[in-house]
Amino acid sequence: MNSSSAARLAPREHAGVSARPAAPAKRWRFAAAALLALFLQSFPVVRAQDPPRALTIWDFNRSLANPLGGEYNVFGSSPSWARTYLDSSVRRGNSGYSLRITAHRESKGFCGVWFDFHPRNKIPQSFLDASGYRYLRFWVKGEKGGEDFDITLKDDTWRKHEDTNPTRPFHAYLARGATTDWQEVLIPLRDFAGLNTHKLVNLIFLFAKPGDYRLEVDDIAFANGKTECADAAGASTPAALKDGRGLWVWNTAKLLGPAHQDELERFLQFCSAQGVREVFLSLEIHEEDQNGAPHFDMKDPDGYRAFLERAHQLGLAVEALAGTPEWAAEAYHAQALAAIDAVIEFNRASPAAARFDAVHFDVEPYSLVGYADPAFRPQLLKEFLEMVAKCAARVHSVPGLRFGCDVPAWFYPSDVLTRQDLTVNFGGADKTVGEHLTDLLDTVTIMDYRNEADGAGGIILAGQPALEYAAARGKKIQVGLETSMEAPRTIYFVCGLPLDEFQKRLAKSDLRDELYFGDYRLATFSDDINVHVGLAAPEKLQGDTRTEFEKALAKLALELGASSDREHFPPKDILEEARGAVERDPELSGFEVFKFADPATHRPIVGFKAVRHMSPKITFYGLGHEVFGEETRSVVEWLNPYASFDGLAIHYYESYRDLVEGP
């Protein structure tokens with residue numbers, strides 16, 4: 001929590017001056033100056049280029065990045081793991097934060113925390129010059145005592161010598177490890193053999209021995225001695241927190257009608273207990289064709305009215321939730337508008353207390369096959385924005401009715417390369433997709449799906465670009481969090497095609513704007529050379545079900561697979577590329593080649609199947625209510641200063657309830 005200047009001043013450069021002999025009358029002046037210099041050398045002199053006594057890199061009080069722009073994050077390999085948390089309840093001094101590190105280390109895998117001194121993606125790379133200091137210094141406090149770990153400093157040679165970075169054991173400096181009291185740790189930099197202290201990259205805490213660890217760390221610094229003052233000023237007292245929450249509800253039918261009155265009251269009590277102020281209520285609608293134009297009718301309109309009246313009595317706002325990825329494509333814009341019209345018609349036919357307060361779309365264009373084509377992607381995103389603009393105009397034609405959308409947090413990229421990929425020219429302006437959406441909508445709900453508040457991969461940093469842009473334009477952002485866990489799905493991918501061939505075929509295909517191929521959900525996978533298109537398999541793949549599934553795969557392979565032209569696109573080589581990519585992908589497992597004969601043409605069809613898993617890193621599922629409560633409090637506290645921050649939104653009701661109350 002102590003803060004010191006990070007600057008080291010370079011010595012002043014002087015213009016060159018030609019030397020010439022001094023005049024005899026002035027020689028005594030030079031002699032006097034020399035004597036004075038010798039006299040002054042006997043006293044300590046503070047020069048402008050001398051470093052301060054300590055250079056505090058991390059005090060964890062004012063920002064998730066250090067003063068140099070460096071960030072920190074956990075790393076690990078299953079079954080080992082680590083988590084961090086900015087802790088205001090256990091800290092040095094009277095205010096501020098420390099960094100709590102919780103780790104579970106098994107004999108397999110690894111885990112720890114890294115602390116970058118400068119931004120790691122900065123070009124050219126920057127380094128920290130700590131050559132003016134003798135020690136690495138930090139404070140540590142264990143939960144139980146005895147906690148031990150290894151400490152590594154990396155310099156500019158780390159990429160060439162990844163496994164030879166100088167490492168020191170923590171117990172070499174505190175023989176009993178951490179205790180339950182705060183202790184200052186001083187590690188001489190000379191103990192890190194071969195370290196280039198002029199060009200430091202980062203610091204790593206590695207939990208090398210199996211066990212469970214929980215400790216607090218604070219005030220990481222480079223120094224020439226012990227801390228001069230134990231207490232330091234911390235973060236200022238925050239303003240009132242904006243902790244009202246939104247909640248997705250998909251299984252609407254279970255809450256509608258007299259038969260489900262008890263379940264409705266349970267739901268409303270849950271909302272009250274959890275501070276929910278807005279409900280995103282899924283619409284049960286069915287499509288009818290009216291003179292060639294789509295038209296939606298709401299199922300059980302009286303059930304919706306009863307729900308709305310009861311929710312409004314308790315002060316809840318209710319938004320009509322609808323959407324499917326296909327609506328992003330221009331061919332389906334009429335359906336999106338028809339859904340808006342269905343809400344407007346429902347509201348017109350309902351008393352004021354039984355009307356929806358807003359329309360809330362969940363339309364995810366990156367789920368469509370066409371998004372796998374980098375050349376077509378900008379066009380698809382532009383069509384998505386056009387759909388949103390049309391629907392916003394339709395919604396805003398009704399006084400008081402609001403419009404919002406669910407948007408992934410990565411639609412607001414902060415790094416230059418990703419920003420270029422997600423920039424679209426729309427309405428005469430080049431902006432990221434997220435920025436355009438913020439301009440168009442009343443409220444954006446960013447799907448900031450992670451399960452840690454802090455760190456480089458945390459909820460807070462990922463949400464900041466959206467909040468900063470919205471704040472400058474007087475708009476609102478809700479930060480969405482995930483609590484559910486999808487079941488693993490087996491995907492059968494037909495052996496794919498090189499990207500250029502895939503693009504040629506996709507341009508002629510009707511699948512570009514689709515999410516389904518017949519009755520089967522489409523999926524895409526790129527191994528960075530080839531693009532593979534697949535189908536999600538039915539749970540029971542046997543008998544007639546298998547026959548029909550293989551017929552669909554054969555048609556898909558003929559259209560977008562290497563099996564359609566084995567001479568030009570040998571499946572063996574393509575499958576090897578796919579195998580390596582699947583093994584590297586944390587969300588795929590179980591690569592297995594499949595072969596069968598096309599039931600219609602007897603042509604051999606080749607592909608691979610793999611199991612797609614939902615990453616546990618994007619959900620709070622299974623972590624418990626205590627962890628969820630701590631992390632959400634931290635998110636709200638750190639994002640609260642943004643005028644655009646409009647609270648959290650939790651996905652979704654049943655999984656959130658199970659997290660809080662137990663299944």
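The values are calculated or read from the model by the stated rules, or taken from the named source; none is laboratory data. Because the structure is a prediction, the values reported are computed rather than measured. Neighbour counts are summed over all protein chains in view; Cβ atoms, including those assigned to glycine, are modelled from backbone coordinates with ideal geometry. Areas reflect the complete protein model, heavy atoms only, side chains present, ligands, DNA and RNA absent. Shrake-Rupley method; radii C 1.70, N 1.55, O 1.52, S 1.80 Å.
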Q: Would you mention how many residues in segment 586-609 are assigned to a loop (DSSP other than H, G, I, E, B) and touching a residue at least 24 places away in the same chain (Cβ under 8 Å)?
A: 7
Q. Any idea which of (1) free of Cβ contacts under 8 Å to residues at least 60 places away in the same chain; (2) part of a helix (DSSP H, G or I); (3) hydrophobic (A, V, I, L, M, F, W, C) is the one residue 535 doesn't satisfy?
A. (2)
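Would you check if residue 181 is assigned to a loop (DSSP other than H, G, I, E, B), in contact (Cβ under 8 Å) with a residue 40 or more places away in the chain and over 20 Å from residue 202 (Cα atoms)? Before the answer, list the steps.
Values: assigned to a loop (DSSP other than H, G, I, E, B): yes; in contact (Cβ under 8 Å) with a residue 40 or more places away in the chain: yes; over 20 Å from residue 202 (Cα atoms): yes.
Taking the combined requirement at face value, the residue satisfies it.
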Q) Residue check: is residue 534 at pLDDT 95 or above, open to solvent by less than 10 Å² (accessible area, probe 1.4 Å), under 26 Å from residue 362 (Cβ atoms) and not basic (Lys, Arg)? A) yes
Q | Tally, over segment 384-403, of residues that are surrounded by fewer than 21 Cβ atoms within 10 Å (Cβ to Cβ) and either acidic (Asp, Glu) or in contact with a Cys (Cβ under 9 Å, 6 or more places away or on another chain) (or both) | A | 1
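Being open to solvent by 30 Å² or more (accessible area, probe 1.4 Å) and in a loop (DSSP other than H, G, I, E, B) is the filter here; which residues of segment 450-464 pass it? Walk me through how you get there before you give the answer.
Let us first name the residues in segment 450-464 that are open to solvent by 30 Å² or more (accessible area, probe 1.4 Å), namely 450, 456-457, 461, 464.
450, 456, 457 - these are the residues of segment 450-464 that are open to solvent by 30 Å² or more (accessible area, probe 1.4 Å) and in a loop (DSSP other than H, G, I, E, B).
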Q: With the checklist (1) among the acidic types (Asp, Glu); (2) more than 28 Å from residue 660 (Cα to Cα); (3) within 11 Å of the chain's Cα centre (by Cα) in hand, flag the one item residue 468 doesn't pass.
A: (3)
(Q) Scan segment 607-626 and tell me whether some residue there is surrounded by fewer than 17 Cβ atoms within 10 Å (Cβ to Cβ), within 26 Å of residue 451 (Cα to Cα), in contact with a Ser or Thr (Cβ under 7 Å, 6 or more places away or on another chain) and modelled with pLDDT of 95 or more. (A) yes
Q) Across segment 404-418, which residue is surrounded by the fewest Cβ atoms within 10 Å (Cβ to Cβ) among those that are modelled with pLDDT of 90 or more and more than 15 Å from residue 456 (Cα to Cα)? A) 408
(Q) open to solvent by less than 50 Å² (accessible area, probe 1.4 Å), out of contact with any helix residue (DSSP H, G or I) (no Cβ under 6 Å at 6 or more places or on another chain) and assigned to a strand (DSSP E or B): is that true of residue 86 in this structure? (A) no
Q) What number of residues in segment 354-369 are over 21 Å from residue 248 (Cα atoms) and in a helix (DSSP H, G or I)? A) 1
Q.
Name the single residue that is nearest to residue 317 (Cα to Cα) among those in segment 275-289 being in contact (Cβ under 8 Å) with a residue 40 or more places away in the chain and open to solvent by 40 Å² or more (accessible area, probe 1.4 Å).
A. 277
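Being part of a helix (DSSP H, G or I) and either touching a strand residue (DSSP E or B) at 6+ places or on another chain (Cβ under 6 Å) or at positive phi (or both): is that true of residue 467 here?
Numbers: part of a helix (DSSP H, G or I): yes; either touching a strand residue (DSSP E or B) at 6+ places or on another chain (Cβ under 6 Å) or at positive phi (or both): yes.
Yes; evaluated as a whole, the condition is true for this residue.
Tell me, please, whether a residue that is in contact with a Ser or Thr (Cβ under 6 Å, 6 or more places away or on another chain) and at pLDDT 95 or above can be found in segment 381-403.
First, the residues of segment 381-403 that are in contact with a Ser or Thr (Cβ under 6 Å, 6 or more places away or on another chain): none.
The answer is no; no qualifying residue exists.
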Q: Tell me which residues, restricted to segment 470-483, are out of contact with any strand residue (DSSP E or B) (no Cβ under 7 Å at 6 or more places or on another chain) and assigned to a helix (DSSP H, G or I).
A: 471, 472
Q: Read through the list (1) assigned to a loop (DSSP other than H, G, I, E, B); (2) under 21 Å from residue 111 (Cα atoms), then give the number of the only condition that residue 216 fails.
A: (1)
Q: Identify the residue in segment 370-388 that is charged (D, E, K, R) and part of a helix (DSSP H, G or I) and, among all such residues, is farthest from residue 503 (Cα to Cα).
A: 386
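Every residue, every condition in (1) in contact (Cβ under 8 Å) with a residue 60 or more places away in the chain; (2) under 19 Å from residue 227 (Cα atoms); (3) assigned to a helix (DSSP H, G or I), yes or no:
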residue	(1), (2), (3)
96	yes, yes, no
102	yes, no, no
112	yes, no, no
139	yes, yes, no
152	no, no, no
171	no, no, yes
176	no, no, no
194	no, no, no
203	yes, no, no
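Applying the selection to segment 308-326, what residues are assigned to a helix (DSSP H, G or I) and out of contact with any Cys (no Cβ under 9 Å at 6 or more places or on another chain)? It would help to see each step written out before you state the result.
Going through segment 308-326, the residues assigned to a helix (DSSP H, G or I) turn out to be 308-313, 325-326.
The answer is 308, 309, 310, 312, 313, 325, 326.
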Q) What number goes with the only condition from (1) open to solvent by less than 20 Å² (accessible area, probe 1.4 Å); (2) more than 26 Å from residue 255 (Cα to Cα) that residue 316 does not pass? A) (2)
Q) Restricting segment 627-658 to residues that are over 18 Å from the mean Cα position of the chain (by Cα) and of a type in the set (Gly, Ala, Ser), which is surrounded by the fewest Cβ atoms within 10 Å (Cβ to Cβ)? A) 629
Q) Has segment 484-502 got any residue that is part of a strand (DSSP E or B), surrounded by fewer than 22 Cβ atoms within 10 Å (Cβ to Cβ), out of contact with any Gly (no Cβ under 9 Å at 6 or more places or on another chain) and not polar (S, T, N, Q)? A) yes
Q) Under 6 Å by Cβ, and 6 or more places apart or on different chains, what pairs join a residue from segment 403-429 that is in contact (Cβ under 8 Å) with a residue 12 or more places away in the chain with one that is aromatic (Phe, Trp, Tyr)? A) 405/361
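Take residue 230 and tell me if it is open to solvent by less than 70 Å² (accessible area, probe 1.4 Å), modelled with pLDDT under 70 and either farther than 30 Å from residue 634 by Cβ or out of contact with any Ser or Thr (no Cβ under 7 Å at 6 or more places or on another chain) (or both).
On the way: open to solvent by less than 70 Å² (accessible area, probe 1.4 Å): yes; modelled with pLDDT under 70: yes; either farther than 30 Å from residue 634 by Cβ or out of contact with any Ser or Thr (no Cβ under 7 Å at 6 or more places or on another chain) (or both): yes.
Taking the combined requirement at face value, the residue satisfies it.
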Q: Return the only residue of 310, 245, 277, 266 being charged (D, E, K, R), under 37 Å from the mean Cα position of the chain (by Cα) and at pLDDT below 95.
A: 245
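Condition check: over 26 Å from the mean Cα position of the chain (by Cα), closer than 30 Å to residue 247 by Cα and at pLDDT below 95. Does residue 539 satisfy that?
Numbers: over 26 Å from the mean Cα position of the chain (by Cα): yes; closer than 30 Å to residue 247 by Cα: yes; at pLDDT below 95: yes.
Answer is yes for this residue.
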**Q.** Conditions (1) modelled with pLDDT under 95; (2) open to solvent by 20 Å² or more (accessible area, probe 1.4 Å): number failed by residue 105
**A.** (1)
